[in-house]
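See structure below.
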Amino acid sequence: MESHLRTFLLGTTHVDRESILIPGAIRAAVLVTVAVSLAIHAGKPNAGIPLAIGVIFVALADSGESVGRRWRTMLWTTLWLMGAALLGGLVSDISLLAVIVSAFVAFAAGLAGAAGPRAGVGGVLALVVFIVFAGAPQLPQATFDSALLIGLGGVVITATTVLPRLIVMRGAVTVALGPTPATWSRIREHVQTRDAFLRHAVRLGILIPLASIIEIASGFPHAYWLPMTIAWVTKPDVAGTVTRVAARILGTVIGLFVAAILLLVFEVSGYAAGAVVAIAGGVAVAFIWANYAIGVAGITVLVVVMFSFDDRSVPEDLALRMLATIIAAIMAIGASYIWRGDSTTPTHR
């Protein structure tokens, strides 16, 4: 019991200083500031949402991999985010179809972790984007435009991250043009009933559509928050899920509190809201690997303030978002004890 408590406390409060990504956070914050400011200046603040998603989410996938291989991770993540946004937007007008498709997307995202930690992060990010776009109905043309803007944001953050180092480090070019890892063969090794990743994928494929059904049936104003939270916190192992749930709740409480002050007290909007999104995104990128609770606080502020560009009712829905987070936590922890994987199967962070 004492060891579990120690693990729980360390998982939510410990900050791994070596994992704080300051340069990446500054780079992402600057790019988001520019992107959102240009969108607001053009009279299309909503365009800043997919641009910011592309920049921040691709930056989150950049976990300090070697320079020569980093661009592949970032560009693949960009492509998966674009596909997830496009697919989510196209099914968003038909609730039953969105629920069915979410099961397949969630299963694929859960199994992606078997290919490695970076693939796992990319899978989670793509799942989150799918859920958000599936829960926010748009016109097909708007969906296509959003996917392109996400791609633009991803390409820009990739270029500004990788190109300067490739120019300076000559040997990195050789690595960049080298063979790619055998991703499918690594995933195939885990396709067996006792494997933790396969069981995690099955649980996620059940949890996400179930959460979507609950949110749609309950009439929650934002049909993406509950399944999105489950996507963020669920891990292949019980200990990882419990720790993440605790960190998620702590980070969400802090993030919603900060967002409430900014939106309800200071009534930030326009360029000021864009600056908040940039800073929150920078915090998320800097701490997502060092302390999940702090990273989640940044993501929460980013999402709430960013979507206030499009929906001014967001501030009044903060309490419902907190309730949905608690429901998602209960569902995620409960599901993690069902059909648990082989304890000898290695899992990623």
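The values are calculated or read from the model by the stated rules, or taken from the named source; none is laboratory data. Everything numeric in this text was worked out from a predicted model, so none of it was measured. Counting neighbours? That spans all protein chains shown, and the Cβs are built from the backbone with ideal geometry, glycine included.
Quick one: how many residues across the range 24-47 are of a type in the set (A, V, I, L, M) and within 20 Å of the chain's Cα centre (by Cα)? Give the derivation first.
If we filter the range 24-47 for residues that are of a type in the set (A, V, I, L, M), which is where we start, we get 25-26, 28-32, 34-36, 38-40, 42, 47.
Filter once more, so that each one left must be within 20 Å of the chain's Cα centre (by Cα): 25-26, 28-32, 35-36, 47.
Residues in the range 24-47 being of a type in the set (A, V, I, L, M) and within 20 Å of the chain's Cα centre (by Cα): 10 in total.
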Among the numbered criteria (1) closer than 19 Å to Ala332 by Cα; (2) under 17 Å from the mean Cα position of the chain (by Cα); (3) assigned to a helix (DSSP H, G or I), which one does Val253 miss? (2)
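If you scan the range 150-208, which residues turn out to be at pLDDT below 85, polar (S, T, N, Q) and closer than 30 Å to Ile230 by Cα? Can you show your working first?
So in the range 150-208, the residues at pLDDT below 85 come out as 162-196.
From what is left, the residues that are polar (S, T, N, Q) are 174, 180, 183, 185, 192-193.
Scanning the range 150-208 gives Thr183, Ser185, Gln192, Thr193.
Taking the range 118-156, which residues are assigned to a helix (DSSP H, G or I) and over 16 Å from the mean Cα position of the chain (by Cα)?
Going residue by residue through the range 118-156, those that are assigned to a helix (DSSP H, G or I) are 118-134, 140-156.
Result: Pro140, Gln141, Ala142, Thr143, Phe144, Asp145, Ser146, Leu148, Leu149, Leu152, Val155, Val156.
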Scanning the range 100-122 for residues that are within 29 Å of Gly48 (Cβ to Cβ) and among the β-branched types (Val, Ile, Thr), the one modelled with the lowest pLDDT turns out to be Val121
Filter the range 28-52 for residues that are within 14 Å of Phe307 (Cα to Cα) and not hydrophobic (A, V, I, L, M, F, W, C); the one that is surrounded by the fewest Cβ atoms within 10 Å (Cβ to Cβ) is Lys44
Suppose the filter is touching a helix residue (DSSP H, G or I) at 6+ places or on another chain (Cβ under 8 Å) and either farther than 22 Å from Ile20 by Cβ or without any contact (Cβ under 8 Å) to a residue 40 or more places away in the chain (or both); does Leu207 pass it? yes
When the range 123-148 is examined, which residues are found to be crowded, with 23+ Cβ neighbours inside 10 Å and at pLDDT below 90? Gly135
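Restricting attention to the range 203-230, report how many residues are touching a Gly at 6+ places or on another chain (Cβ under 6 Å) and either assigned to a helix (DSSP H, G or I) or surrounded by fewer than 24 Cβ atoms within 10 Å (Cβ to Cβ) (or both).
Pass one, the range 203-230, residues touching a Gly at 6+ places or on another chain (Cβ under 6 Å): 204, 223-224.
This time we only want the ones that are either assigned to a helix (DSSP H, G or I) or surrounded by fewer than 24 Cβ atoms within 10 Å (Cβ to Cβ) (or both), so: 204.
Residues that pass the stated criteria total 1.
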